[in-house]
Amino acid sequence: MANMRRMSQRSVFSRELMHRLSSMPLAITLLTVLALASVIGTVLQQNQAQQDYLQQFGPLWYWVFRSLGLFDMYHTWWFLVLLGFLMVSLSFCLWRNVPRMLKEMRSHKVYISERAFSHIKQQRRWLVSADSAEHIADKLKQALKEWQWRQEERDGVLYLRADRGNRHKWGYIIVHSAILVILVGGWISVQFGLRGDMAVVEGSSENEISYLKGTHTEYKTMPFDVRCNSFEINFYPNGMPSEFRSNLTIIDHGKEVLTSDIIVNKPLYYKGVRIYQASFGDGGSHVKLKLFDLQGDRPPRIIDTQVYQTYKDDISGFSFEITDFRPHNVENMAAAGQPKDFQDLGPSVDFVIRGNGLKPVKMRSFLQPLEIDGENRGSIMMISTTGDKRDFQSIGLGLDLTNPKEWALYHAFISRLQRLKLEGKNARRMAFKSAMEEVFGDQRPKNFQQMAVRVINGVQALPQLPWAVLPVLDDYDQKYYTGLQLAKDPGMNVVWAGSALLVWGLCIMLYISHRKLWFIIRPQDGQWRVEMAGISNRNPLNFNREFHTLLSRAEQATAHNPSKGVDE
Amino acid sequence: MSMTQSMAAASPWFQGKPAFVRFWAYIGLMLGATGLALWGGDGYSEDSYIFQLTSMQGVLWLGTGLLLGAALAAIASVAKAEWGESPLAERLVSWGDGAVLMIAMMALFTLFEPSASALSYEDQSNLFSIKLIMAMNVLFLFSAICYILMLFAPESFVARMATGTAWMGVYVGGSMLLLRWYESYLFMDGSIGHAPVSNLYEVFMLLFCITVIVYLQWEKRYQAQAMGAFVMALVAAGVFFEIWLGSIGQADIKPLVPALQSYWMKIHVPLNFVGYGSFAVACGAGMAYLTRQWLEQRNPAMKVLKVFPSLEQLDQLAYKSVAVGFPAFTLATILGAAWAAEAWGGYWSWDPKETWALIVWLVYGAYLHVRISHGWQGRTLAWWTVSGFLVTVFCFLGVNMYLSGLHSYGRLS
Ligand code: HEM
């Protein structure tokens, strides 16, 4: 006895639970809570470096946010539980409603009670003379052929029911199953999928991908190697990149099996893995820098180094950490407010200069001097004291350092100025003249006037610099790396199937309305009284209109004169 | 009653056989265009397809399709009279008319383009589309004023002006967007040509046109002109924002970054804006609902109320707008995921734009549930459409403006 009671209690409890889990308020709450939770992850940047978070929020909030997993929110247990809850709720919802709906769609119930009939908003009645009720029914069916008809006789009264859009309930079933399918597909993707990055330097190959797991990086070896034969960037005439293109070869067990180009939006497919063009960077280009000693009279020296390496110059005590090389630098050279004027400043190298007690500074040096309107304005440099590329400021050096004669002239001039310690305009002119004779003799080069201006500018600019040496890009042999993303996603097709179902189901659900018509035909004063009523489960605005069209068709079919109709 | 409705009702062109034949002529036209893309002589070039269509070869394909479609339909309608009675054709044929008219206008406008030597990428202010944008802005603003005036002076003249200028704005705007597509080929030897859905400025104008079209459909079918005051007020606010965007140099035609060079862009973006535009109309209906309710409470005898649609009607129109927008937005988001899968290797990466699209989707999904659950009033639903639209606006604008640090479309630039 007690046992039975417990059992029935349990079944009451489980029925109640199921009721709750499949209820509409829960659906609304779930959707709203999911929406709110998703907001958090967009406001808080995800998967950044932990120090950045610490700096941004301070120790207390950092700890709170970290404990809640907010820095990788979409993979936290509570977010996944939320999604799981949605799945459970959807399943119960389907479990509870589908049998009922299928039954309803198949139901052949035609009889309608007086009471239920009177509650229907859209209705009319009229009188018809005819041989039999059957006769009228045939006429009605003939007039509204596109409807599904059923009929039943009870106590000498003929009940007719016509349906359209009966499939409507399938919409509900399809939509809610589709969401389940999509969630399952997503779960398969996360569980069995693979996605990671691979950087391949031009000319070399790679088989390891790296990916973030939570907040730390993990590595995985692929079953094949990817070789990058070349990487190139094409540009629009205004300097914006128009295309990033890698030529790749897949090497499987030592055999070259496939060579192909990939660009953004056009990946390569091999053994279930897609290979995408995702990023690029310098793959360790060789660069030659010319070091100019700003003090003393050592001739310029050439150093040979590579991007991502640090060169220590023992003579001056400075070190240069080469960080990047760029073959093009397209800049808008127009003054503010003027029409844009894009110009390529040519190749450049970025490096950090350190040493001799000076603050490290980021520099960018160019291969070519600056040219404006065909006139050589001397070499320039960009300097950023914060180390951030956005803070680069350009500095004109005056001199064209790519011209050895010009450097010689500068050097001869400045050493005379220092040696003579002369003051005054005249002395400077004398010193310049003597320097000129030393370097060029009698033969002045073409455009000497401009060179003279540059040398004078150089005398003003160069001694201001705090560094004893100045590296200038002299030669390069460029090499890119191509940043690839490799992905394998067995859940993807499940998601697409679910998506197709979802859209299809939504269209059924939102655009097909289930409309029902009832006709009750009963004898009255030797004639027949026809009562007609109709309802639609949605879109009353349209149905009001449709009902009136249907009504006049029904009335005409039964040869009734509407003016005698009895309005309800 | 609106102008187009009275026109449509009066003209036999929109009914029966003529509508049926014209409908199939348009279908033939589209099949011809598809045929050209698939089997045309020079092969299919995605972006310059618009030029292939206007070449001699294109005219032949399109013309053949058009004539064939019309001829077959004519024969069919003679052979079997009831085939000629197609409500679907009657309903859809005016969309074909509208599209053809826009394309014709665009072709006409190309004649006003400055000569090649007068065009420069750096200074695009002499493009003809700039003048059309101005005309569109003026038309929409004027229309908004007329719709609002109409609430207080419901004369038929003002009402006609309101509807008429709204339609004109749609046609000027639509043909202007097509013209901009054409214009994008005039620079840099055609290397940067692309559909005008690539930046905020362009999609804003697309959004106005779609919003107004959706609204005008409701106006055409249901007597709900007062709702126009609210929808067009939203459009007018958008127009001011667009003018501001233009003033900070966002109006130029620019090359596409590699990430956007995909046919998906042309499908995904416009479909998304069908969603946004419908949600804007739903918001207009919601605002009209709340306004009506507020006015009724203050003074039920107010004259303005006579012009307003009933509460039930407004509620229905809001629902109908969501019913148009929700599937479109769902499909657009799915296609966006398909694009992401093709471009980045994953259909979903919780990028802020993606996540906000999901949020918008959940909000309107919840709206649909709230509607059929018992005990909720029309008032709640009206507020839901208004706040849902605020969420939509954040997804559309806010994400780009405030969360841009995260937003990684165009990762490579
Ligand atoms: C992301 C999730 C969901 C989406 C997109 C969705 C979508 C929809 C749509 C579009 C409708 C039709 C509304 C209308 O007729 O106008 C609907 C109805 C309904 N939904 Fe959902 N739904 C979701 C989740 C849920 C959940 C979790 C539940 C249950 C707990 C649920 C229960 C229902 C019920 C009972 C109906 C009414 C069906 C009817 O009687 O016609 N839905 N849903």
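The values are calculated or read from the model by the stated rules, or taken from the named source; none is laboratory data. As the structure is a prediction and not an experimental result, all values here were calculated from the model. All Cβ positions, even for glycine, are placed from backbone atoms using ideal geometry, and neighbour counts span all protein chains on display.
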Outside any helix (DSSP H, G or I) and over 24 Å from B:Ala366 (Cα atoms): is that true of B:Lys266 in this structure?
no
Kindly evaluate B:Thr355 against the criterion of being modelled with pLDDT of 90 or more and more than 10 Å from every other protein chain (Cβ to nearest Cβ).
no
Given (1) under 22 Å from the mean Cα position of the chain (by Cα); (2) at the interface with chain A (Cβ under 9 Å from one of its Cβ atoms); (3) closer than 27 Å to B:Gly228 by Cα; (4) at pLDDT below 90, B:Val324 misses just (4)
Boolean, A:Val12 is part of a helix (DSSP H, G or I), surrounded by 11 or more Cβ atoms within 10 Å (Cβ to Cβ), modelled with pLDDT of 75 or more and more than 12 Å from the ligand (Cβ to nearest atom)
no
Top-ranked residue of region A:468-490 - restricted to ones that are surrounded by 20 or more Cβ atoms within 10 Å (Cβ to Cβ) and over 30 Å from A:Phe318 (Cβ atoms), ranked as nearest to the ligand (Cβ to nearest atom)
A:Asp489
Evaluation of A:Val200 against (1) under 25 Å from B:Trp264 (Cα atoms); (2) in contact (Cβ under 8 Å) with a residue 40 or more places away in the chain (one fails), failing number
(1)
Inspect region A:338-351 for any residue being on the phi > 0 side of the Ramachandran plot and modelled with pLDDT of 85 or more and give the result as yes or no.
yes
If you scan region A:21-73, which residues turn out to be assigned to a helix (DSSP H, G or I), within 14 Å of chain B (Cβ to nearest Cβ), in contact with a Ser or Thr (Cβ under 9 Å, 6 or more places away or on another chain) and within 16 Å of the ligand (Cβ to nearest atom)?
A:Met24, A:Pro25, A:Leu26, A:Ala27, A:Ile28, A:Leu30, A:Ser38
For A:Glu104: the one exception among (1) within 13 Å of chain B (Cβ to nearest Cβ); (2) within 14 Å of the ligand (Cβ to nearest atom)
(1)
Subset of region B:336-352 [more than 7 Å from chain A (Cβ to nearest Cβ), in a loop (DSSP other than H, G, I, E, B) and small (Gly, Ala, Ser)]
B:Ser349
Which ones in region A:251-290 are of a type in the set (A, V, I, L, M, F, W, C), within 14 Å of chain B (Cβ to nearest Cβ), farther than 24 Å from A:Asp477 by Cβ and not in a loop (DSSP other than H, G, I, E, B)?
A:Ile262, A:Ile263, A:Leu268, A:Val273, A:Ile275, A:Ala278
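So that you can scan it fast, the table gives a plain yes or no per residue for (1) within 17 Å of the chain's Cα centre (by Cα); (2) surrounded by fewer than 24 Cβ atoms within 10 Å (Cβ to Cβ):
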residue: B:Gln223; (1), (2): no, yes
residue: B:Leu234; (1), (2): yes, yes
residue: B:Gly238; (1), (2): yes, yes
residue: B:Ser247; (1), (2): no, yes
residue: B:Leu271; (1), (2): yes, yes
residue: B:Ala288; (1), (2): no, no
residue: B:Trp294; (1), (2): no, yes
residue: B:Ser310; (1), (2): no, yes
Is there a residue in region B:108-129 that is hydrophobic (A, V, I, L, M, F, W, C) and under 20 Å from the mean Cα position of the chain (by Cα)?
no
Those residues of region B:254-268 that are of a type in the set (A, V, I, L, M) and within 20 Å of the chain's Cα centre (by Cα) come to a total of 2
Are any residues in region B:269-302 in contact with a helix residue (DSSP H, G or I) (Cβ under 8 Å, 6 or more places away or on another chain) and outside any helix (DSSP H, G or I), and if so, which ones?
B:Met302
Unmet criterion (only one of (1) away from chain A (no Cβ under 11 Å); (2) modelled with pLDDT under 85; (3) buried (at least 21 other Cβ atoms within 10 Å of the Cβ)) for B:Met401:
(3)
Quick one: how many residues across region A:364-390 are modelled with pLDDT of 80 or more and among the acidic types (Asp, Glu)?
2
